[in-house]
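Asks: Structure provided below as structure tokens; questions to follow.
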Amino acid sequence: MGKSKQADSVGDVVDGIERIAEAEDEVSIDDLLEEFGDRSFAPLMLILALIGVSPVGAIPSVPTIIALCIALIAAQMAWGRKHVWLPGFITRRGVGSDRLTKGADTLDTIAQVLDRIAKGRLKSLASGPARRVVAGLIVVLCLALPVLELVPFAAAAPFLAIAILSLAMMVRDGLVLLIGGAVAVVALGYGVYWFAA
């Protein structure tokens, strides 16, 4: 594994995705682990969530696969593991670089917006044991995603919530974490409303 890069912002994460997409025909989880390192729980979840929000997330079954990967990472974070472990059949999976390249403008726009709102406020809410609680919430969102994938436009909202929550943990911004929690509640509420209606 080569030297991994430290991701301190959404822009850093998107730049890393674009670097891999330019160098490889397909971007796999292995590529992301090599780029960002196996201790980068929050950046890895952020990367996968951004891919879920991008046009790649509109491909049938892709949201469920991405949700499975994020759930495994979040569960390990909640458990207190120091390194990310994912089974080989998952890490070898990938998406075509051309699809990611087509979604580059979307990712860049999201990165600019999220980086603008992340200022490192209320750090105690996004540090220590709170991070494990947030990781648990992310697991819940991921468990709901296979069902929400059946609801028109519903899958993007949980991925956006996961991206915001992951960013909050990266920069230790409690206010952003609260925003992500609110988005998560709205996303889950929309899914419940759709199926109950």
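Asks: Out of LEU86, VAL185, PHE195, whose Cα points farthest toward the positive end of the dipole of the chain (charges: +1 Lys, Arg; -1 Asp, Glu; placed on Cβ)?
Replies: The one lying farthest along the dipole's positive direction is VAL185.
Asks: Right, another one. With the calculation restricted to Cα positions, what are the radius of gyration and Dmax of the range 10-77 in angstrom?
Replies: For the range 10-77, the Cα radius of gyration and maximum Cα-Cα distance read 11.4, 31 Å.
Asks: While we're looking at this one, here's another question. Nothing charged except the Cβ atoms of Lys and Arg (+1) and of Asp and Glu (-1): what's the magnitude of the dipole of the range 72-197 about its Cα centre? Round to the nearest 20 debye.
Replies: In debye, rounded to 20, the range 72-197 gives about 520.
Asks: Charges only on Cβ, +1 for Lys and Arg, -1 for Asp and Glu: so what's the dipole of the range 22-143 about the Cα centre, in debye to the nearest 20?
Replies: Here the size comes out at about 940 debye.
Asks: I've got another one for you. Order ARG131, ARG93, ARG121, ARG116, most accessible first, counting only protein heavy atoms with a 1.4 angstrom probe.
Replies: Final ranking, largest accessible area leading: ARG116, ARG93, ARG121, ARG131.
Asks: If you don't mind, there's one more thing I want to ask. Looking only at ALA154, ALA42, ALA67, which one moves most when the chain is put into a Gaussian network model with springs between Cα atoms under 10 Å?
Replies: Among ALA154, ALA42, ALA67, the largest mean-square fluctuation in the Gaussian network model of the chain belongs to ALA154.
Asks: As a check on your grasp of the helix formula, calculate [θ] at 222 nm for the chain: sum -39500 (n - 2.57) over DSSP H runs of n ≥ 4, divide by the residue count, round to the nearest 500.
Replies: The per-residue figure over the chain is -22000 deg cm²/dmol.
Asks: Related question: Please give the net charge around LEU122, taking every other residue with its beta carbon less than 13 angstrom from that of LEU122, where Lys and Arg add +1 and Asp and Glu add -1.
Replies: Overall, the nearby charge balance is +3.
The values are calculated or read from the model by the stated rules, or taken from the named source; none is laboratory data. Computed from a prediction, not measured in an experiment: that's the story for all the values here. Here Cβ is always computed from backbone atoms with ideal geometry, including for glycine, and neighbour counts include all displayed protein chains. With ligands, DNA and RNA removed, areas are computed over all heavy atoms of the protein, side chains included. Shrake-Rupley method; radii C 1.70, N 1.55, O 1.52, S 1.80 Å.
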